[in-house]
Amino acid sequence: MSILVSIQNLTKFFGTKMLFQNISFGLHEGEKLGLIGPNGTGKSTLLKILMGDEGPDEGEVILKKGIHLAYVAQTDSFKDNITVEDALMSALSEQDLDDDQRSVKVKRYLSLLEFENATQKVSALSGGWRKRLAISCCLIQEPELLLMDEPTNHLDMEGVLWLEQLLKNAKFAFVIITHDRFFLENTTNRIVELSPRYAAGFLKTEGNYSVFLEKREVYLLEQEKQEIILSNKVRRETEWLRQGPKARTTKSKYRIEGAYDLQDELTELKQRNRSDRSVHFDFDSNDRKSKILIKTHQISKTLGDKKLIEKLSMKISPGMKIGLVGKNGSGKSTLMRLLAGKLKPDEGEIKLGWNVQVVDFEQDRSQLNPNDSVKNALSPTGTDTVLYRGKSIHIVSWACKLLFKPEQLESPVSSLSGGEQARILIGRLMLQPADVLLLDEPTNDLDIPSLEILENTLVDFPGAIILVTHDRYLLDRIANQIVCMDGTGGVAHYADIHQWLRAYQLSKKDNKPQKDKTKTVPKPVTKGVRKKLSFKEKYELEHMEDTIHKAEAELSHIKEKIQDPKVIANPIEMKALCEKLNGLQEKVDKLYVRWDELENIVS
């Protein structure tokens, strides 16, 4: 494969902070590269350097002659008064095409984009549809290399699946920054992690995300072994130095210099091995024993002329962890605001148990004042301490727990990255004892290490959680039921995210709306259908419930094993269990289909 971009000895500073130093690697044809790393390691800056929007402090980027690049930034720059069709036409302005060719191309991409109204104003689009349009404005240029910075942010689950399928079939090379681990697993063939923990400043592996996890584990174990070996060597050389050798010979002088070099090398290796600090999330629970925390009875809500919720009744109890899915605008955030008491239902009622504490996280971050200092944002009372789990903690210690440096405390919130602002909001939630957590897109801008800590915390939370996110990995680990909102007031219930994904894929294939799996839909009996079962089929039908019960018990056992911290820390075992889980889920689904077939014969 020919090389498209050569990155040679790049170094970049942000103020006095070094983002990366002397990194070198190439991007080739067919490259489907996932660019990951902790927040602040320079991922977005690297993409801007590749596009030529920023320059490196040292090193160079060599592009293939005549290469065409396209870049999907985190935020779009559309003029609000233009239409969807105008935006796509504008993206073709630099291509040598006549009006008819442009028109044909725009119509093709409108179909790919799944827009129903090409004359709709961009200003009327939701964040998710604006993101789809931004992606399509790059795709329509047919680049050889597409650079994407967090393209799944603002997309709903269906938008994420749309983009995933598009990139799976892509003929062009791409580099994508994303923290969506399922997305990385399903679309990439190489992973690069920028991190100071690596001697080269990055680790590049061939294969998708699960392969990367295996190879990274090997690398880090080797670094730990190297630290032990080097520590022993330095100890011996230090003991020799303490004997006061005189540098009378060239050999002695060389050994003395070598001993000091070893000490420097060990110090550097220790710093690398300890550089990946992780944020500490731990929500304060009331540990309430009440059976019912929130009860909704026949609630309905209409916004404008759109009915989002119709006669919804549900009971929320401790231990329930509900994942809300559905298109943007289907009513997920509206339901969250109803449960938080920020909106009133048009009909029906919402009752909270006695003294139940509901804490919510809103994705628009309107709770943060951009002019506030980080200190005031972390301590809503404005004091030098915060009260966490009944204990007083100094604001500096609290800031460090959330990975903020003491010198950041007087900086304005507006100077923080999206991930840092998300950490402040999650930190505020941690200070509030809660029975119910309402989390609306809490993962936006969080890096993968922070996501893993958040997941572990939510798994252990004893109260109830209502979660809106397009992160399938998070939903798979956290949610013990999925509620899909259809945008017209209806809901459908699913056991887990995998069941919903299969239903969604079938509905797309058949071009039919999803149906609630909990409801039995009578099937018409067509002419020619047998009315009797064979002896073998009769035996199969009689034992079908037991067969399904055993298969579901095995499935439940695997799900429990996947939650084990020891398994989570072992990527090889995790991968094997996930493959087994998928096979068992498919087996259960086929058994239910077969059960329907047998019952229809005798019905």
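What does the convex hull of the Cα atoms of segment 74-219 come to per residue, in Å³, rounded to a whole number?
So the per-residue hull volume is 125 Å³.
Set the bar at 31 Å for Cα to Cα. Now go through Lys12/Lys105; Lys12/Lys32; Lys64/Lys131 and name every pair that lies beyond it.
On the way: Lys12/Lys105 39 Å; Lys12/Lys32 24 Å; Lys64/Lys131 28 Å.
Result: Lys12/Lys105 exceed 31 Å.
Across segment 83-89, in residue order, what do the Karplus-derived ³J(HN,Hα) couplings come to in whole Hz, using 6.51 cos²θ - 1.76 cosθ + 1.60 with θ = phi - 60° and x for Gly and Pro?
Each residue of segment 83-89 in turn: 8, 4, 5, 4, 4, 5, 4 Hz.
Give me the net charge of Lys32's neighbourhood, meaning all other residues with Cβ under 14 Å from the Cβ of Lys32; Lys, Arg count +1, Asp, Glu -1.
-2
Report the normalised scattering of segment 376-436 as log10 I(q)/I(0) at q = 0.27 Å⁻¹, calculated by the Debye formula with identical scatterers on the alpha carbons.
-1.30
If you build the convex hull over the alpha carbons only and average its shadow over all orientations, what do you get for segment 298-337? Give it in nm² to one decimal.
Dividing the Cα hull surface by four gives the mean projection, 3.2 nm².
Under 19 Å from the 7 Å Cα→Cβ point of Leu112, by amide nitrogen: which residues of segment 14-55?
29-33
Could you grab the relative contact order for segment 96-171? Cα pairs under 8 Å, six or more apart, rounded to a whole percent.
29 percent
Using only alpha carbon positions, build the gyration tensor of segment 335-382, then give the equivalent ellipsoid semi-axes as the square roots of 5 times its eigenvalues, largest first, whole angstrom.
Values: eigenvalues 167, 40, 10 Å².
That gives 29, 14, 7 Å for the three semi-axes.
Just want to confirm a number: the relative contact order over segment 1-110, from Cα pairs under 8 angstrom separated by 6+ residues, in percent.
Relative contact order of segment 1-110: 25 percent.
Keeping all protein chains in position, work out how much accessible area His557 exposes to a 1.4 Å probe, and write it in Å² to the nearest 10.
Only protein atoms counted, so the area is about 100 Å².
Report the dimensions of segment 294-387 along its three principal axes from the alpha-carbon atoms, largest first, rounded to Å.
47, 32, 22
For segment 133-188, what is one quarter of the convex hull surface built on the Cα atoms, given in nm²?
Values: hull surface 14.1 nm².
For the Cα atoms of segment 133-188, the hull's average projected area reads 3.5 nm².
Heavy-atom accessible area of Arg423 with all protein chains present, probe 1.4 Å, nearest 10 Å²?
Accessible area of Arg423: about 10 Å².
Please work out the FRET efficiency for the pair Ile229 and Asn22, using the Cβ-Cβ distance as r and a Förster radius of 35 Å; give the result to the nearest 0.05. List each step's numbers first, then the result.
Values: r = 25 Å, r/R0 = 0.71.
Calculated value: 0.90.
With a 1.4 Å probe and all protein chains kept in place, how do Phe212, Phe13, Phe78 rank by accessible area, largest first?
Phe13, Phe78, Phe212
For Arg181, Arg428, what's the largest-to-smallest order of accessible area, 1.4 Å probe?
Ranked from most to least accessible, the order is Arg428, Arg181.
The values are calculated or read from the model by the stated rules, or taken from the named source; none is laboratory data. Quantities reported herein were computed from a predicted structural model and do not represent experimental measurements. Cβ atoms come from the backbone with ideal geometry, glycine included; neighbour counts cover every protein chain shown. Please note that ligands, DNA and RNA were not included when accessible areas were found on the heavy atoms of the full protein model with its side chains. Shrake-Rupley method; radii C 1.70, N 1.55, O 1.52, S 1.80 Å.
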